[in-house]
1. Report the calculated FRET efficiency for A:Val91 and A:Asp133 (r = Cβ-Cβ distance, R0 = 22 Å), to the nearest 0.05.
2. Suppose every Lys and Arg Cβ carries +1 and every Asp and Glu Cβ carries -1, with no other charges. What dipole size does the range B:84-231 come out with about its Cα centre, to the nearest 20 debye?
3. Report the antiparallel proportion of the DSSP beta bridges in the range B:97-225 as a percent, rounded to a multiple of 5.
4. Please sort A:106-113, A:162-169 by packing, taking for each peptide the average over its residues of neighbouring beta carbons within 10 angstrom, highest first.
5. Within 10 Å of each Cβ in peptide B:407-415, how many partner chain Cβ atoms are there on average? Round it to a whole number, please.
6. Distance from the Cα centre of the range B:115-159 to that of the range A:117-196, in angstrom?
7. Could you give P(r) for chain B, binned at 10 Å from zero, as whole percent values over all Cα-Cα pairs?
8. Say each of B:Lys450 and A:Arg452 gets a label point 7 Å from the Cα, pointing the same way as Cα to Cβ; how far apart are those two points in nm?
Protein chains: 2
Amino acid sequence: ADKTSEVSVFSDKDLNTAAWLRDAARLDNASYRILESLTTEVGPRMAGTPADARAVAWAEAKFKELGFDKVWKEPVTFPSWQRGEEKAEIVAPFPQPLTITALGNSIATPAGGLTAELVQFATFKDLQAASPDAVKGKIVFINHKMQTAADYGSVQAGRTKGASEAARKGAVAIVIRSVGTDSHRFPHTGVMNYEDGVEKIPAAAMSNSDADMVVRMIKRGKPVSLKLSLSSGANGSYTSYNVIGEITGSELPNEYVLMGGHLDSWDLGTGTIDDGAGCAITMAAAEFIKRQGLKPKRSIRVVLFANEEQGLFGGKAYAAANEKQISKIQAAAEADSGQGPVTQLSSFVRPEAFAVVKQMQAVMAPLGVVAGDNNAYPGPDMGSLRSLGAASFGLTLKADDYFDLHHTPDDTFDKIEPARINQATAAFAVYAWMSANSPVNFGSGQEPLKSRK
Amino acid sequence: ADKTSEVSVFSDKDLNTAAWLRDAARLDNASYRILESLTTEVGPRMAGTPADARAVAWAEAKFKELGFDKVWKEPVTFPSWQRGEEKAEIVAPFPQPLTITALGNSIATPAGGLTAELVQFATFKDLQAASPDAVKGKIVFINHKMQTAADYGSVQAGRTKGASEAARKGAVAIVIRSVGTDSHRFPHTGVMNYEDGVEKIPAAAMSNSDADMVVRMIKRGKPVSLKLSLSSGANGSYTSYNVIGEITGSELPNEYVLMGGHLDSWDLGTGTIDDGAGCAITMAAAEFIKRQGLKPKRSIRVVLFANEEQGLFGGKAYAAANEKQISKIQAAAEADSGQGPVTQLSSFVRPEAFAVVKQMQAVMAPLGVVAGDNNAYPGPDMGSLRSLGAASFGLTLKADDYFDLHHTPDDTFDKIEPARINQATAAFAVYAWMSANSPVNFGSGQEPLKSRK
Ligand SMILES: [Zn+2]
Ligand SMILES: [Zn+2]
Ligand SMILES: [Zn+2]
Ligand SMILES: [Zn+2]
C-alpha cells in the first residue's frame with residue numbers, strides 16, 4: 001500500500017523547502033488576522049445558540065476567501081443548553097454578592113433561587129469520602145485550587161462529576177471554586193455531567209477571588225449561607241456542523257493530513273484563546289502553504305469541530321464518519337491549548353516513520369520546539385481518531401496563560417501576541433507540509449498503532 | 001501659642017523612638033488583618049445602600065476593639081443613587097454582548113433599552129470640538145485609553161463631563177472606554193455629573209477589552225449599533241457618617257494629627273484597594289502607636305470618610321465642621337491610592353517646620369521613601385482642609401496596580417501583598433507619631449499656609 005516505503009527520509013531539497021516554509025510562515029500574520037475576524041465578527045459562539053450558526057457561516061466563507069480547494073460541512077447533532085440568568089449571594093453571616101456562573105448542562109434552581117448552608121470540601125476526593133450527614137440539605141463548595149495547567153485533569157473532576165456526587169449525599173446544589181489559574185474575579189464555566197439515576201442539582205462555579213473570600217468567611221466558624229439563582233437548562237436538540245477546508249493533494253489526494261481546532265466556544269468570553277486560536281492557527285498554516293504555491297502531495301484538511309465544549313460532539317461525529325477510512329489519514333494534529341508557541345513535537349507513528357519524524361523535529365527545532373516521545377495525544381477532538389489507530393502528532397502549545405483565560409469573560413482578542421500565534425502557525429505549517437509530503441506512510445489503521453490506541 | 005517654638009528639631013531620643021516605631025510597625029500585620037475584616041465582613045459598601053450602614057457599624061466596633069480612646073461619628077447627608085440592571089450589546093453589524101457598567105449618577109434608559117449608532121471620539125476634547133450633526137441621535141463612544149496612573153486626571157474628564165457634553169450635541173447616551181489601566185474584561189465605574197440645564201442622558205463604561213473590540217468593528221466602516229439598558233437612578237436622600245477614632249494626646253490633646261481614608265466604596269468589587277486599604281493603613285498606624293504604649297503629645301485622629309466616591313461628601317462635611325478650628329489641626333494626610341508602598345513624603349507646612357520635616361523624611365528614608373516638595377496635596381477628602389489652610393502631608397502611594405483594579409469587580413482582598421501594606425502602615429505611623437510629637441507647630445490656619453491654599 002505504501003508506494004514510497006523504500007525511501008525512508010526527505011531529500012535535502014524537501015528539507016530546504018520545509019525550512020523556508022517555517023521561516024516564511026513565522027513572519028506571516030494571517031492567523032492573527034483570521035482570529036481577529038472570528039472574534040470581532042462572530043465573538044462568543046456557544047453550541048446551539050444563534051451564534052453557532054453565524055460561526056459556521058463565517059467558517060465556510062473564510063475558507064473560501066482563503067482559497068481552499070474544497071470547503072464543506074458535515075452535520076453534528078447534540079442536545080443544546082442555555083445559560084439564562086445567574087446570581088449568587090452570601091446571605092449570612094456577612095451579606096455579599098458573589099461572582100458566579102452556571103456550569104454547562106446545569107439545571108435551574110427553583111424560580112426565586114434556593115438558599116442553604118455551605119459545606120466545604122478541599123477536593124472532589126474529600127467530597128467522595130464525606131458522610132451524607134455532613135452534606136444533606138446543604139450546598140457543596142469544592143475549594144480545590146488549580147495551581148498550574150498540569151492540575152487541570154485532577155481539579156476538573158469536581159466540575160464534571162461534583163454535582164452527582166453531592167446529590168447522592170443529599171446536597172441541594174454545588175458551587176465549586178473555578179477551574180482556573182488566575183486570581184481575577186472571573187468565574188470559569190465548563191461542562192458538567194449528571195450521572196444517570198442520580199437526582200440533578202444546580203451546579204455553578206465562583207471566581208478564585210470569591211472562593212478566597214468564602215473560605216475566609218467559613219474560617220470564622222459560623223454557618224455561611226448562600227442564595228443561588230440559576231435559570232439555565234436543556235433547550236432541545238440542535239444540529240451544527242463540522243466545517244472542513246481542503247488543500248487538495250497533487251499525488252495522493254485521497255490521503256489526508258488533518259489539523260484543526262473547535263469552532264464553538266463558551267458564551268462568556270469571545271472564544272479567542274479557546275479555541276479561536278486553534279482554528280486560526282490551522283487555517284492559516286494550510287492557507288500559507290497554498291498561497292506560496294507549494295503543492296502538497298497528500299491533501300491537507302483543516303477541520304473546525306462543532307461543539308467540543310459540551311461533550312466532543314464534533315470530534316466524535318468526525319471519527320464516526322471516518323472510521324472506515326482511518327488508513328487514509330496520514331496524520332492528525334490539533335490546536336486547543338491557546339495561542340502558542342509550540343514547545344514540543346511528539347508523534348504516534350509506526351517505527352518505519354521514525355526517521356522522518358526526526359527530520360520534522362529537526363526542522364522545527366529553530367522555532368524552539370523540542371522532540372517528544374512516540375506516544376502523542378493529538379487533542380480532545382482528534383483523540384477519537386487516535387483511538388481508532390490514526391497516526392497522530394502532538395504539537396504542545398505553551399499553556400502559561402491558557403487557564404487564566406479559559407472559559408471566562410476575559411478570553412478576548414486583546415490577549416493575543418502576534419509573535420506567539422505566528423510561531424504556532426509556522427509549526428503547524430511544517431507539520432502539515434512534511435506530513436503531506438512524507439516519503440513514508442505514518443501507519444494509520446495498521447499495526448502497531450491499531451493495537452496501541 | 002506654640003510653647004515649644006524654641007525647640008526646632010527632635011531630640012535624638014525622639015528620633016530613636018521614631019526609627020524603632022518605623023521598623024516595628026513594618027513587621028506588624030494589623031493593617032492586613034483590618035482590611036481582611038472589612039472586605040470579608042462588609043465587602044462592597046456603596047454610599048446610601050444597606051451596606052453603607054453595615055460599614056459604619058463595622059468601623060465603630062473596630063475602632064473600639066482596637067482600643068482607641070474615643071470613637072464617634074458625624075452625620076453626612078447626600079443624594080443616593082442605585083445601580084439597577086445594566087446590559088449592552090452590539091446589535092449590528094456583528095451581534096455581540098458587551099461588558100459594561102453604569103457610571104455613578106447615571107439615569108436609566110427607557111425600559112427595554114435604547115438602540116442607536118455609535119459615534120467614536122478619541123478623547124473628550126474631540127467630543128467638545130465635534131459638530132452636533134455628527135452626534136445627534138447617536139450614542140457617543142469616547143475611546144481615550146488610560147496608559148498610566150498619570151493619565152487619570154485627563155481621561156477622567158470624559159467620564160465626569162462626557163454625558164452633558166454629548167447631550168448638548170443631541171446624543172441619546174454615552175458609553176466610554178473605562179478609565180483604567182488594565183486589559184481585563186472589567187468595566188470601571190466611577191462618578192459622573194450632569195450639568196444643570198442640560199438634558200440628562202444615560203452614561204456607562206465598557207471594559208478596555210470591549211472597547212478594543214468596538215474599535216475593530218468601527219474600523220470595518222459600517223455603522224455599528226449598540227443597544228443599552230440601564231435601570232439606574234436617583235434614590236432619595238441618605239444620611240451616613242464619618243467615623244472617627246482618637247488616640248488622645250498626653251500634652252496637647254486639643255491639637256490633632258489627622259489621617260484616614262474613605263469608608264465607602266463602589267459596589268462592583270469589595271472596596272479593598274479603594275479604599276479599604278487607606279482605612280486599614282491609617283487605623284493600624286494609630287493603633288500600633290497605642291498598642292506599643294507610646295503616648296503621643298498631640299491627639300491622633302483617624303477619620304473614615306463617608307461617600308467619597310460620589311462627590312467627596314464626607315470630606316466636605318468634615319471640613320465644614322472643622323473650619324473654625326483649622327489651627328488645631330497639626331497635620332492632615334490621607335491614604336487613597338492603594339496598598340502602598342509609600343514612595344515619597346511631601347509637606348505643606350510653614351518654614352519654621354522645615355527642619356522637622358527633614359527629620360521625618362530622614363526617618364522614613366530606610367522605607368524607600370524619598371523627600372518631596374513643600375506643596376503637598378493630602379488627598380481628595382483632606383483636600384478641603386488644605387484649602388482652608390491646614391498643614392498637610394502627602395504620603396504618595398505607589399499606584400502601579402491601583403488603576404487596574406480601581407472601581408472594578410476585581411478590587412478584592414486577594415490582591416493585597418502584606419509587605420506593601422505593612423510598609424505603608426509604618427510610614428503613616430511615623431508621620432502620625434512625629435507630627436503629634438513635633439517640637440514645632442506646623443502652621444495650620446496661619447500665614448503663609450492660609451494664603452497658599
Ligand atoms: Zn477548547
Ligand atoms: Zn474549552
Ligand atoms: Zn478612593
Ligand atoms: Zn474611588
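1. On the way: r = 23 Å, r/R0 = 1.07.
After rounding to 0.05, the efficiency reads 0.40.
2. Details: 17 positive and 14 negative charges, 77 e Å.
Roughly 380 debye for the range B:84-231.
3. Details: 4 of 17 bridges.
Here the share of antiparallel DSSP bridges comes out near 25 percent.
4. Numbers: A:106-113: 16.8, A:162-169: 23.8.
Packing order, densest peptide first, comes out as A:162-169, A:106-113.
5. Details: counts 0, 2, 8, 7, 2, 10, 4, 11, 4.
Per residue, the average neighbour count from other chains is 5.
6. For the range B:115-159 versus the range A:117-196, the Cα centre distance is 45 Å.
7. All Cα pairs, binned at 10 Å, distribute as 5, 22, 29, 22, 14, 7, 2, 0 percent.
8. 9.2
Every number here is computed from the coordinates shown, using simple stated rules; none is lab data. Everything numeric in this text was worked out from a predicted model, so none of it was measured. Neighbour counts are summed over all protein chains in view; Cβ atoms, including those assigned to glycine, are modelled from backbone coordinates with ideal geometry.
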